[in-house]
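The values are calculated or read from the model by the stated rules, or taken from the named source; none is laboratory data. Just so we're clear, the structure is a prediction, and the values are computed from it rather than from any experiment. Cβ sites come from the backbone with ideal geometry, for glycine too, and all protein chains shown count toward neighbours.
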Amino acid sequence: MTSRTSTPGRPRDADIDAAVLAAARTQLAAVGYETMSLVAVAEQAGTTRQALYRRWPSKADLATAAIASMAEIEKHPDSDEPFDDLVVELEAFRTGVTRRNGISMVGTMLQESVDPDLLRLFRERLVTPRRDRLRHILDRARDVGLLEADADIDYATAAATGLLYSLALSGTPIPTTWPERTATFLWRACGGGAGRT
């Protein structure tokens, strides 16, 4: 009996992936999610709709992949200073959200009519990784005694990103000092001292 071996499919072209994600980001910034056209994305990327759909089977899939590709949610290695790690994470968040159309995309997620698939993917690819990283940093600080043992890490994690949205909604410019000021506020709210050891 002859064994059958499967041959792998043609590998994905990384250049096409990058071009499509860049085109999707441009479309999102220019016209927003609702008006974003997959036909226009494919044309701008110099590829076909078929190639696009092989990679991202839905508009929601492509849009969230495009946002995640620029959101700087990569996990930074832990340093000896959890406070500094918190500042770094908040700076990455500020950079991602304050890009063109960043806040408006968050607003899209709050609409009752939002596509459930879009909301699910947005949470999986952007919200959850960011919150997990913030929680990891705060948990670590509490575990090594830098924060109070009964510190409300749940609320601190939610407040970390909520503070920026609150300023944006009130029309207050987001200062460059926001990451460190927010880290200091959260640190003290959790019973920490000056921040750095």
TODO: Can you give me the number of residues within region 68-105 that are at pLDDT below 85, of a type in the set (Val, Ile, Thr) and in contact with a helix residue (DSSP H, G or I) (Cβ under 7 Å, 6 or more places away or on another chain)?
DONE: 3
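Restricting the search to region 44-67, which residues are charged (D, E, K, R) and in contact with a helix residue (DSSP H, G or I) (Cβ under 8 Å, 6 or more places away or on another chain)? Lay out the reasoning, then the answer.
Looking only at region 44-67, we keep the residues that are charged (D, E, K, R), and these are 49, 54-55, 59, 61.
Passing the criteria: Arg49, Arg55, Lys59, Asp61.
State yes or no: is Leu167 closer than 17 Å to Val97 by Cα, free of Cβ contacts under 8 Å to residues at least 12 places away in the same chain and not in a loop (DSSP other than H, G, I, E, B)?
yes
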Open item on the list: Regarding region 176-186, can at least one residue be identified that is of a type in the set (Val, Ile, Thr) and over 17 Å from Pro82 (Cα atoms)?
Closed with: yes
- [ ] Please indicate, with yes or no, whether at least one residue in region 147-167 is among the hydrophobic types (A, V, I, L, M, F, W, C), more than 22 Å from Pro129 (Cα to Cα) and at pLDDT 95 or above.
- [x] yes
